[in-house]
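Report on the structure given below.
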Amino acid sequence: MSDAATHFSTEALGEPAGPGRYVNIGSIDSAEFVPGLGFRPVLGQRAMANFVDFAPGVEAPRHVHEEEQIVIVLDGEFTFDLDGDVRVMRQGDVAVVPAWVPHGAWTTDSYCREVDIFCPPRKSLLNLAAAQDSQVPDGQAQDNQAPGGERQAAGPSPDPA
């Protein structure tokens with residue numbers, strides 16, 4: 001096979017991990033660990049995308065975690081500290097943060113919208129999604145729930161087995 005044929009192969013070499021799904025970010029309730037710093041996590045089987053909104057003048061304190069993280073700026077700008085290498089990041093800029101590398105970010109007078117990709121999924125965000133799930137009264141569907149009642153932000157579709 002050519003490279004394109006290999007890349008776009010339709011031959012399954014394993015069992016599907018579950019059904020695919022679509023998520024509308026606007027339908028996910030934003031949660032904040034820090035005021036003005038909104039998180040909207042979307043969980044896959046082995047990775048997580050977290051859509052993050054920084055209000056002006058907000059800081060995500062310098063921290064470390066075991067998950068690898070890729071930061072992609074979608075709109076606006078913020079200052080990012082990657083283990084002492086401090087840079088202003090704007091639309092289209094990407095930072096790759098290996099596990100346990102200190103990092104943090106802050107906005108000054110502008111906002112920033114970015115997406116963080118975590119592999120494996122970030123544990124504290126899994127806890128946040130679970131806490132949000134527990135706040136939904138039984139039998140009440142919300143806009144960010146799939147037809148079966150599953151919160152779109154909390155995780156992948158349940159295994160049908």
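The values are calculated or read from the model by the stated rules, or taken from the named source; none is laboratory data. Treat the numbers as computed from the prediction; the structure is a model and nothing was measured. With ideal geometry, Cβ positions are generated from the backbone for all residues, glycine too; neighbour counts draw on all protein chains shown.
If you filter segment 112-145 down to residues that are among the charged types (D, E, K, R) and more than 30 Å from R90 (Cβ to Cβ), you find that the one that is modelled with the highest pLDDT is D133. All conditions but one from (1) of a type in the set (D, E); (2) under 21 Å from N127 (Cβ atoms); (3) surrounded by fewer than 19 Cβ atoms within 10 Å (Cβ to Cβ); (4) touching a residue at least 12 places away in the same chain (Cβ under 8 Å) apply to D116; the one that does not is (3).
Got at least one residue in segment 93-112 being assigned to a loop (DSSP other than H, G, I, E, B), in contact (Cβ under 8 Å) with a residue 24 or more places away in the chain and out of contact with any strand residue (DSSP E or B) (no Cβ under 8 Å at 6 or more places or on another chain)? Yes: segment 93-112 contains one or more residues that are assigned to a loop (DSSP other than H, G, I, E, B), in contact (Cβ under 8 Å) with a residue 24 or more places away in the chain and out of contact with any strand residue (DSSP E or B) (no Cβ under 8 Å at 6 or more places or on another chain). Residues that are surrounded by 15 or more Cβ atoms within 10 Å (Cβ to Cβ) and over 18 Å from R90 (Cβ atoms) were ranked within segment 60-80; the one that is farthest from the chain's Cα centre (by Cα) is H65.
Going through (1) modelled with pLDDT under 95; (2) of a type outside the set (F, W, Y); (3) more than 30 Å from A131 (Cα to Cα) one by one, D109 falls short only on (1). If you go through segment 1-38, how many residues are loosely packed, with under 13 Cβ neighbours inside 10 Å, among the aliphatic types (A, V, I, L, M) and part of a loop (DSSP other than H, G, I, E, B)? Count: 4. Look at segment 4-20: where a residue is under 24 Å from L43 (Cα atoms) and a partner is among the polar types (S, T, N, Q) and surrounded by 10 or more Cβ atoms within 10 Å (Cβ to Cβ), sitting 6+ places away or on another chain with Cβ atoms under 9 Å, you get A17/Q45; G18/Q45; G18/S157; P19/S157; G20/S157.
Kindly indicate whether any position in segment 39-56 is under 27 Å from T108 (Cβ atoms), among the small types (G, A, S) and touching a residue at least 40 places away in the same chain (Cβ under 8 Å). Scanning segment 39-56 turns up at least one residue that is under 27 Å from T108 (Cβ atoms), among the small types (G, A, S) and touching a residue at least 40 places away in the same chain (Cβ under 8 Å).
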